[in-house]
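What follows is a single structure, written as structure tokens, with notes after it.
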Amino acid sequence: MRKRLGWKVGRDPGRYKGRRLKYTDAEIAWLRDNSTMEIKAWCAAFVARFSRPDVTPAKLHSMRKREGWKTGRTGHFEKGAAPWSKGKKLPYNANSAATQFKKGQLPHNHRGPGHESLGDDGYIWIVTNATNPWTGASTWRIHKHRYLWEKEHGPVPEGYVLKCLGDRLNTDPSNWEPVPIGLLPRLNGKSNRGYDHAPAELKPTIMAVAKLEHAVAARRKSKSERSPT
């Protein structure tokens, strides 16, 4: 009622803030000498020895931190320490067993060599049985047009990329041509020619113009490098 009606008693509400429990010298000496014990066992032993039911593990934990008493424990596994479960088999559990993979079972999303898919970039991807040079995996997912082109012509020359001459879904090697990387800005990008999204019948013209401009620029650069300064 006093709280409900807001009647004040005149005492400072924070008068007990920061006040510690009182311990005798003997109690403090015992706590200090046994401060490396596990907190619950430490508290239980202290309460039993000194009949202090008002003391809790949380209070002793705060005191140990406040006094700077070290336990010698870091909470880390020591290097080379064996886990408690080493060599133990997981007990059988019906719910757990229902979701476990059986020996030799493949996951439902497994995609083996020969699997094809259409990527977000609009190109066809294929899973091959070649070793992935980046991860070491037994399969390698690459663009199908590149896979077929390299099977027929060998690796794409360094400094070149494959560009489609018509529909990018046509992965036949005859539909793809290696072009210099320096030619790409003349096909797309700042040239605003939009080669990748142009109709198939316009692509040969755009490619021819881009090649001509690239050849002219390369010749001018070659002449400027040969001319004396």
When the Cα centres of region 51-77 and region 123-177 are compared, how far apart do they sit, in Å?
64 Å
Which of the GluC sites (Glu not before Pro) across region 46-142 are loop residues per DSSP, with 10 or fewer other Cβ within 10 Å?
78
Computed P(r) (all Cα pairs; region 22-71; 5 Å bins; percent)
4, 22, 39, 29, 6
Between residue 177 and residue 105, take the C-beta separation as r, use R0 = 45 Å, and let me know the FRET efficiency to the nearest 0.05.
0.55
Contour excess over end-to-end distance, with Cα ends at residue 190 and residue 212 and 0.36 nm allotted per residue:
6.3 nm
The chain, relative contact order [Cα under 8 Å, separation at least 6], %:
8 percent
What percentages, rounded to whole numbers, describe P(r) for region 50-139 computed over all alpha carbon pairs with 10 Å bin width beginning at zero?
10, 17, 15, 20, 15, 11, 9, 2
For a quick size check, give me the Cα extents of region 116-226 along its three principal axes, largest first, whole Å.
49, 35, 24
Overall dimensions of region 134-192 by Cα: Rg and Dmax, Å:
13.2, 41
Which three extents, in whole angstrom, do the alpha-carbon atoms of region 1-105 cover along their principal axes, largest first?
78, 45, 25
May I ask you to order 148-154, 181-187, 91-97 by the average number of other C-beta atoms within 10 Å around their residues, highest value first?
181-187, 148-154, 91-97
Would you calculate, for the chain, the mean residue ellipticity at 222 nm contributed by helices, counting each DSSP H stretch of 4 or more residues as -39,500 (n - 2.57) and dividing by all residues, to the nearest 500?
-10000 deg cm²/dmol
Take residue 123 and residue 56, extend 7 Å from each Cα along the Cα→Cβ direction, and tell me the distance between the two endpoints in nm.
6.4 nm
Between residue 141 and residues 5 or more places away or on another chain, which pairs have amide H atoms under 5 Å apart, with H built 1.01 Å from N, and which residues are they?
128
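All of the numbers you see were taken from the coordinates with simple rules; none came from a lab. Everything numeric in this text was worked out from a predicted model, so none of it was measured. Virtual Cβ from ideal backbone geometry, glycine too; neighbours counted across all protein chains shown.
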